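The values are calculated or read from the model by the stated rules, or taken from the named source; none is laboratory data. This is a predicted model, so every value here is computed, not measured. Glycine also receives a Cβ, built like all others from the backbone with ideal geometry; neighbour counts cover every protein chain displayed. For accessibility, only protein heavy atoms count, side chains too; no ligands or nucleic acids. Shrake-Rupley method; radii C 1.70, N 1.55, O 1.52, S 1.80 Å.
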Amino acid sequence: MLEKFFSLRDRIAIITGAGTGIGAEIARTFSAAGAICVLSSKRDDELIAICDEFKTRDARHLAIACDVRDETSVVELVKKTIGAFGRIDIVVNNAGGSYMFPFADTPIEKWDNIINLNLRGPFMLVKEAGKYMIENGGGSIVNISSTAGINGVRGGASYSAAKCGLQMMTKVVAAEWGRHNIRANCVAPGPTASEGALRSWARAGFEPEDMAANIPLRRVGTPQDIALAVLFFAADASRHISGETLSVCGGPTMDGLSDN
């Protein structure tokens, strides 16, 4: 009986940044739960590989290249999804990224790029897809934020600002569209061992064990940890939750306190 609350059987789900890492794991989890996934990424080669993997389970999965920073590209993503399936039930705004600069040294163009990727892009997709969700009687929006949007992170002013803004945008959408049976929530990962994060940590001379030392559960997150939280928000298990941000970070880090 409880399985039905986590089922996404035949629901149409757009997932951005789905070619690798957390996005790909969200797509795998959704596919296993029965969703029909519209996989979006800037890179066609990533999408072809991941979509071929999923089509062994359901041939209806679709890959559509999209640059979420470009309005025309976002509109086309939604248009093609509606053309193929007639509706949109779930939107997962996972595409994102960051540059690390000390605040005073952050170039304006880098700031704009990060805001566009992590905040403007999700805004455009939610706005465009939301029209059809309203027409079709509801849906679930899950935005991938970050604990950087809650606590901030040194060297990541633009990223922290964008992810904090994404959480506030999510609250507004939840408040305005709840009457249309549309829920909007955020998942905020802490340090997570995706391919991109592992490369970034290696360049900075960090190992996952170094990151885990400051996490109460003493391990970094995995893409599957994030995907399971996203599944919860997408499915009926969270049917009376909207406007919330769930940190998936292994527990709170409290400055000045240690259990060592």
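General observations
- Criterion: touching a helix residue (DSSP H, G or I) at 6+ places or on another chain (Cβ under 9 Å), among the β-branched types (Val, Ile, Thr), within 30 Å of residue 239 (Cα to Cα) and in a helix (DSSP H, G or I) - qualifying residue of 88, 22: 22
- Scan of segment 132-141 for residues that are in a helix (DSSP H, G or I), in contact (Cβ under 8 Å) with a residue 24 or more places away in the chain and surrounded by fewer than 22 Cβ atoms within 10 Å (Cβ to Cβ), ordered by number: 132, 134, 136
- Residues in segment 5-26 that are open to solvent by less than 20 Å² (accessible area, probe 1.4 Å), among the hydrophobic types (A, V, I, L, M, F, W, C) and either modelled with pLDDT under 95 or farther than 20 Å from residue 139 by Cα (or both): 18, 24.
- Here residue 59 passes the criteria (1) open to solvent by 50 Å² or more (accessible area, probe 1.4 Å); (2) at pLDDT 95 or above; (3) in a loop (DSSP other than H, G, I, E, B) except the one numbered (2).
- Where helices (runs of 4 or more DSSP H) fall entirely within segment 142-223, those with at least 3 residues that are open to solvent by less than 10 Å² (accessible area, probe 1.4 Å) and either more than 21 Å from residue 30 (Cα to Cα) or of a type in the set (Val, Ile, Thr) (or both) are at 157-177.
- For segment 98-120, the set of residues classified as surrounded by 17 or more Cβ atoms within 10 Å (Cβ to Cβ) and either of a type in the set (Val, Ile, Thr) or touching a strand residue (DSSP E or B) at 6+ places or on another chain (Cβ under 7 Å) (or both) consists of 98, 106, 114, 115, listed by residue number.
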